[in-house]
Amino acid sequence: MHKILILLAASATLLSANAFAVDRGELLASSCMSCHGPGGKSKGAIPSLAGLEKGYIVKSLQDFKSGARPASVMQRHAKGYTDEEFALMADYLSKLK
Amino acid sequence: MSITRRDFLKVSGMGAASALLAGCAGMGASGAKPKVVVVGAGYGGATCAKYLRKWGPNIEVTLIEPNDKFVSCPRSNLVIGGLRNMDYLTHGYDNLAKHGIKMVKDMVVAIDPAKRTVTTKGGHTFGYDRLVLAPGIDVRTDTVKGFQEAEAASKVVHAWKAGPQTALLRKQLESMADGGVFVMGIPGTPYRCPPGPYERISLVANYLKKHKPKSKIIVLDSNPDIVSKKPLFTWAWNTFYPGMVEYRGTNAVTGVDGNRMVVSTEFDDIKADVMNVVPRQRAGELCAMAGVRNDAGGNWCTVNFTSFESTAVPNVHIIGDSISAALPKSGHMATNHAKVCAAAIVELLAGRQPEAAPVFANTCYSDTSDTTGGHVANVYRYSAEKKAYVDAGGGGATPQGDELNHAYAESWAQNIWAEVLS
């Protein structure tokens, strides 16, 4: 009985460590894929995002937001997100292969 | 040795039982895998099924769709304008199977939310823990006098669902003589694809200018003014098609006569050579079947926006054009609903609460000629206080078209089709 209780307690710890099955960064970044392609791999003129360096993605989004970097559409998107969300999305996108 | 209820309660003292018990509940009473049935394999439904499997690999996902193939409504104006063919819009569902989605080609004819079952025309019944409805729109051809008769005689089309009417409208334009009149009727908001009618007018004008330059386009808009991307379309019509487009706001089409080829408003009867009238719309019939077409007018479905679960019927989720929301009804938005809904269902089946503050972006490209296009883009953020998605600010539309947006529009199409179907 003790063994079972220990197992239950262990799995409870695992569950509480993972508050969500889907990480917030991944859920936020999933919206990007409708333009940038599944897994962040684009066909055609729109750039791919998969595997870009995290710092580069965050800097690009900040520069789109401030206007430092000119863009066709990305300035409109970047203005809608926070710095914290940039970091979450960039972390997920940078890990895509 | 079995675990007694008392032992379980001891564990609950450690703060774990709620998650564990709920986890068991999510597995269903029989201990079987949780079952999600998705009805409708368009932009919303196919994406939802795919992401349910990606994020909830233990979930059994069944996707029910009556059509053999996916035919894209976005980009169908290029077919009507003679710039692409139907094959360009038409895509198979074969790649969805690799995600472990059980694809069923059949039509749902009954939904029983109490028993949690859906039944198909083919006589099969599917049980569900969660049901996702993504039927798209029901076009109210009954609200325009004479429409159904004229439609049956192939004298009028709406072509607001891509398919045979898209091809027929193209054929009618090809058959029209130079100097002919193309009449387009636009419904009041909300309707599917706010900029769609104005893109269609632009691409029909692009064709007529090249091949039948004496022709004319009369636009009868139920709305007082151009609903979406007004500067962009006004720029395009003045720059490329001067004198060809006659726009009349607050001119709702009230009737059509297929024998006389006349489109009527409350002010005029207008003689037409090609009649393209788009009637107003409501959520697909499946939603009525499930008892979720529950907004004040009985036209759209009200949902909880963190899960897209119906506010009227538990365990039934609605995504895409059918929901009641201050959001544009677009294929692109349907893919966003689908992802938030899929993530929420995964959490709910595990006994947890969905993400409390979803954020997503809409991007909508419109072509304005065979070489130019523009876009509108906005970010929407869920507000718990308002219980709605609110515009996060900073969005907007291009005031003029250009070649870069024209190229991005094509790339967008290829990427979203891959995102939905591969």
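Can you tell me which of (1) of a type outside the set (D, E, K, R); (2) away from every other protein chain (no Cβ under 11 Å); (3) closer than 24 Å to B:A46 by Cα; (4) surrounded by fewer than 19 Cβ atoms within 10 Å (Cβ to Cβ) is the one B:A357 doesn't meet?
(2)
Specify which of the listed residues (B:I101, B:I137, B:I59) is modelled with pLDDT of 95 or more, closer than 28 Å to B:S366 by Cβ and surrounded by 19 or more Cβ atoms within 10 Å (Cβ to Cβ).
Going through B:I101, B:I137, B:I59 in turn, just one is modelled with pLDDT of 95 or more, closer than 28 Å to B:S366 by Cβ and surrounded by 19 or more Cβ atoms within 10 Å (Cβ to Cβ): B:I137.
Within the stretch B:300-309, which residues are in a strand (DSSP E or B) and under 15 Å from B:G44 (Cβ atoms)?
Residues satisfying the conditions are B:C301, B:V303, B:E309.
For A:G37, which of the numbered conditions (1) within 11 Å of chain B (Cβ to nearest Cβ); (2) open to solvent by 30 Å² or more (accessible area, probe 1.4 Å) fails to hold?
Going through (1) within 11 Å of chain B (Cβ to nearest Cβ); (2) open to solvent by 30 Å² or more (accessible area, probe 1.4 Å) one by one, A:G37 breaks only (2).
Scan the stretch A:61-73 residue by residue and report those that are of a type outside the set (K, R) and surrounded by fewer than 20 Cβ atoms within 10 Å (Cβ to Cβ).
A:Q62, A:D63, A:S66, A:G67, A:A68, A:P70, A:A71, A:S72
I'm trying to understand the selection: among the residues of the stretch B:211-223, which are more than 25 Å from B:Y365 (Cβ to Cβ) and open to solvent by 50 Å² or more (accessible area, probe 1.4 Å)?
B:P213, B:K214, B:K216 - these are the residues of the stretch B:211-223 that are more than 25 Å from B:Y365 (Cβ to Cβ) and open to solvent by 50 Å² or more (accessible area, probe 1.4 Å).
Select, from B:N405, B:N336, B:N362, the only residue that is crowded, with 19+ Cβ neighbours inside 10 Å, within 24 Å of B:H99 (Cα to Cα), of a type in the set (S, T, N, Q) and touching a strand residue (DSSP E or B) at 6+ places or on another chain (Cβ under 9 Å).
B:N336
Which pairs turn up if I take residues in the stretch A:45-61 that are away from chain B (no Cβ under 14 Å) and more than 23 Å from B:G373 (Cα to Cα) and look for partners that are at pLDDT below 95 and open to solvent by 50 Å² or more (accessible area, probe 1.4 Å) with beta carbon separation below 7 Å, at least 6 apart in sequence or on another chain?
A:G51/A:K97
Are any residues in the stretch A:71-92 more than 10 Å from chain B (Cβ to nearest Cβ), more than 8 Å from the chain's Cα centre (by Cα) and assigned to a helix (DSSP H, G or I), and if so, which ones?
A:D83, A:E84
So B:P328 clears everything in (1) touching a strand residue (DSSP E or B) at 6+ places or on another chain (Cβ under 7 Å); (2) surrounded by fewer than 22 Cβ atoms within 10 Å (Cβ to Cβ); (3) within 28 Å of B:R84 (Cβ to Cβ); (4) within 11 Å of chain A (Cβ to nearest Cβ) except one condition, right? Which one?
(4)
In the stretch B:119-147, how many are of a type in the set (A, V, I, L, M), out of contact with any helix residue (DSSP H, G or I) (no Cβ under 6 Å at 6 or more places or on another chain) and closer than 23 Å to B:A350 by Cα?
1
Looking at (1) on the phi > 0 side of the Ramachandran plot; (2) buried (at least 17 other Cβ atoms within 10 Å of the Cβ); (3) more than 14 Å from every other protein chain (Cβ to nearest Cβ), can you tell me which one B:R75 breaks?
Just one mismatch for B:R75, condition (3).
Can you name the condition, by its number, that B:A312 falls short on among (1) open to solvent by 40 Å² or more (accessible area, probe 1.4 Å); (2) among the small types (G, A, S); (3) in the same structural domain as B:E149 (by TED's automatic domain parsing)?
It is condition (3) that B:A312 fails.
Quick one: in the stretch B:152-175, which of the residues that are surrounded by fewer than 20 Cβ atoms within 10 Å (Cβ to Cβ) and without any contact (Cβ under 8 Å) to a residue 40 or more places away in the chain is farthest from B:K210 (Cα to Cα)?
Only one residue fits best here, namely B:A152.
Tally time: how many residues in the stretch B:381-396 are in contact (Cβ under 8 Å) with a residue 40 or more places away in the chain and either facing chain A (nearest Cβ under 8 Å) or of a type in the set (K, R) (or both)?
1
Evaluate the stretch B:35-52: report whether one residue or more is more than 14 Å from chain A (Cβ to nearest Cβ), hydroxyl-bearing (S, T, Y) and not in a strand (DSSP E or B).
No, because not a single residue in the stretch B:35-52 is more than 14 Å from chain A (Cβ to nearest Cβ), hydroxyl-bearing (S, T, Y) and not in a strand (DSSP E or B).
Kindly establish whether B:L9 is modelled with pLDDT under 95, closer than 25 Å to A:R24 by Cα and surrounded by fewer than 16 Cβ atoms within 10 Å (Cβ to Cβ).
Criteria not met by B:L9.
When the residues of the stretch B:176-228 are filtered to those that are among the charged types (D, E, K, R) and either in contact (Cβ under 8 Å) with a residue 60 or more places away in the chain or outside any loop (DSSP other than H, G, I, E, B) (or both), which remaining residue is nearest to B:D268 (Cα to Cα)?
Among residues in the stretch B:176-228 that are among the charged types (D, E, K, R) and either in contact (Cβ under 8 Å) with a residue 60 or more places away in the chain or outside any loop (DSSP other than H, G, I, E, B) (or both), the one nearest to B:D268 (Cα to Cα) is B:D221.
Output the number of residues of the stretch B:365-402 satisfying the condition of being open to solvent by less than 20 Å² (accessible area, probe 1.4 Å) and part of a loop (DSSP other than H, G, I, E, B).
5
Would you pick out the residues in the stretch B:135-175 that are in a helix (DSSP H, G or I) and farther than 28 Å from B:V109 by Cβ?
B:A150, B:L169, B:R170, B:K171, B:Q172, B:L173, B:E174, B:S175
Somewhere in the stretch A:45-55, is a residue small (G, A, S), open to solvent by 10 Å² or more (accessible area, probe 1.4 Å), over 22 Å from B:N405 (Cβ atoms) and assigned to a loop (DSSP other than H, G, I, E, B)?
Yes, some residue in the stretch A:45-55 is small (G, A, S), open to solvent by 10 Å² or more (accessible area, probe 1.4 Å), over 22 Å from B:N405 (Cβ atoms) and assigned to a loop (DSSP other than H, G, I, E, B).
The values are calculated or read from the model by the stated rules, or taken from the named source; none is laboratory data. Being a predicted model, the structure only gives us computed values, none of them experimental. Please note: Cβ atoms are built from the backbone with ideal geometry, for glycine as well, and neighbour counts cover all protein chains shown. For the accessible areas, the whole protein counts, side chains as well, though only heavy atoms, and no ligand, DNA or RNA atoms are used. Shrake-Rupley method; radii C 1.70, N 1.55, O 1.52, S 1.80 Å.
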